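Single-structure report; data block below.
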Amino acid sequence: MVSCYASHGLARQAWALFAALRRSGALAPDGFTFSALLRPPPRRRRHRHPAADAVVDAGMLLAMGALAHGLVLRLGLLADVVVTTALLDMYAMCGGRVDEARWVFDAMAARNVVSWNAMVVCYGRVCGGKDAVDHFRRMLRDGSCSPDELTLASVLSSCASMAAANEATQVHAHAVKRGFHEFLQVANAVITAYGKTGFVREATQTFAMICDPDVVSWSSMVSLTRTLDYRRVQFIRLTLFPYDDEGYRTDPNPQHLACLVDLLGRAGRIEDAYNIVIKLSCESKADIVGAFLGACKMRGKIELAKWAADRLLCLEPSEAVNYLLMSNAFAAAGAWNELAKVRSVMRHRCGSKVPGCSWIEIGGTVQTFVSNDVVLHQSTEMQQMMQLTISEARKEWNEDTTCDDPILVREWQ
């Protein structure tokens, strides 16, 4: 019953039943009891019971999990690998308590592949890709258990998040050596990792080797495509969204439609993208309107960009990313008055913006930095080298130099 309640998102009922078991004193909880109690709530809506507690947040689950951790220590169940793995997963999923999860992991008398996978996922979600890759290396050195397809997919996702080309290639080679490259989730993670690192040919080759690609496979390939002609857009549209005279046979979600609108924009078919937004009555979806706004920016369609900007303001007036999309679109079109208005509204509605960062891999280490970053190691030397490069380039500039880009010509004169 405890497992049934927990698996359907009824955390309060599960813990109430556990408390009743403790008060009765008839039976003592065992490892299976705690593994069920510590199970994270299901994310997918179809797994949740209609009466599931919507107010049970991660903080409450973390507090109850800490109580269960104390009972596990008192009852001497810390040697049970199932219980300790459930504790580790609870700390990782509820609030990202990496230190507590690592303490449980280090205290484990025996570890299985599920324990290692839980720590890899925890590091990848909370600490970034580097720690996840380092933990994967530790797993290989430890040798107590071998990584499975879930391990490799998680590590590849971490490589994709930090655009680590060398690590992604090495993990892919390990997957091929162990025969895990045939698993669909591993192949999808390889495509994403190669796409994020700019290895389009390798990603395409991996996709071609998939016998039965799913929607994740197709979406990964579509997302890494940057230049498409209209025939390729039509092929992808008919593949992802087959239809008949009565309408679509599939039920594309907003992410699929946003991807289609983005593809049409890249192919220069702005009117077709606009017709899709209107015809499918999906103008109320912020993702789709944002994709259409990006297409308008790319093609310099200022009037349609204004229409999309108005829709975004109505849909999500407090999302800073929407204001950035609008600002970039107006700046690309030279609509400086509209740009000033958007920036003014953004300051009043969204407050301060967390600065974005860039990263580069040097000697196997990923270095991150922001604009005008003076805290970065050797930032002074890098700025001096940049000034030297600009100076040398200007010395080479002469009147006979030809350039087709007016912006570059104006910048360097």
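The values are calculated or read from the model by the stated rules, or taken from the named source; none is laboratory data. On a predicted model such as this, the values are computed, not experimentally measured, just so you know. Cβ placement follows ideal geometry from the backbone for every residue including glycine, while neighbour counts extend to all protein chains displayed.
Data overview
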quantity: Residues that are in contact (Cβ under 8 Å) with a residue 24 or more places away in the chain, over 15 Å from ILE270 (Cβ atoms) and part of a loop (DSSP other than H, G, I, E, B), drawn from segment 287-336; calculated: GLU316, PRO317, SER318, GLU319, ALA335
quantity: Residues being modelled with pLDDT under 85 and not basic (Lys, Arg) - total across segment 92-101; calculated: 5
quantity: Residue check for ARG232: at pLDDT below 80, among the charged types (D, E, K, R), outside any helix (DSSP H, G or I) and over 18 Å from ALA132 (Cβ atoms); calculated: no
quantity: Residue list for segment 96-109, filter: buried (at least 17 other Cβ atoms within 10 Å of the Cβ) and touching a Leu at 6+ places or on another chain (Cβ under 9 Å); calculated: ARG97, GLU100, ALA101, ARG102, VAL104, PHE105, MET108
quantity: Yes/no for LEU324 being under 27 Å from ALA163 (Cα atoms) and modelled with pLDDT under 70; calculated: no
quantity: Failed item in (1) part of a loop (DSSP other than H, G, I, E, B); (2) modelled with pLDDT of 55 or more; (3) over 21 Å from GLY290 (Cβ atoms); (4) not basic (Lys, Arg), with ALA189 passing the rest; calculated: (1)
quantity: Helices (runs of 4 or more DSSP H) wholly inside segment 1-65 that include at least 1 residues being out of contact with any Cys (no Cβ under 7 Å at 6 or more places or on another chain), of a type in the set (D, E, K, R) and at pLDDT 80 or above; calculated: 11-24
quantity: Test: residue in segment 237-252 that is of a type in the set (Val, Ile, Thr), at pLDDT below 85, in a helix (DSSP H, G or I) and surrounded by 13 or more Cβ atoms within 10 Å (Cβ to Cβ); calculated: no
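Here's the yes/no breakdown for (1) at pLDDT below 80; (2) surrounded by 22 or more Cβ atoms within 10 Å (Cβ to Cβ); (3) in contact with a His (Cβ under 7 Å, 6 or more places away or on another chain):
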| site | (1), (2), (3) |
| --- | --- |
| LEU263 | yes, yes, no |
| ALA273 | no, yes, no |
| GLU283 | yes, no, no |
| GLY290 | no, yes, no |
| ALA295 | no, yes, no |
| LYS306 | no, no, no |
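Yes or no, residue by residue, for (1) within 18 Å of the chain's Cα centre (by Cα); (2) free of Cβ contacts under 8 Å to residues at least 12 places away in the same chain:
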| residue | (1), (2) |
| --- | --- |
| ASN112 | no, no |
| GLY124 | yes, no |
| ASP134 | no, yes |
| SER144 | no, no |
| ALA160 | yes, no |
| VAL171 | no, no |
| ILE191 | yes, no |
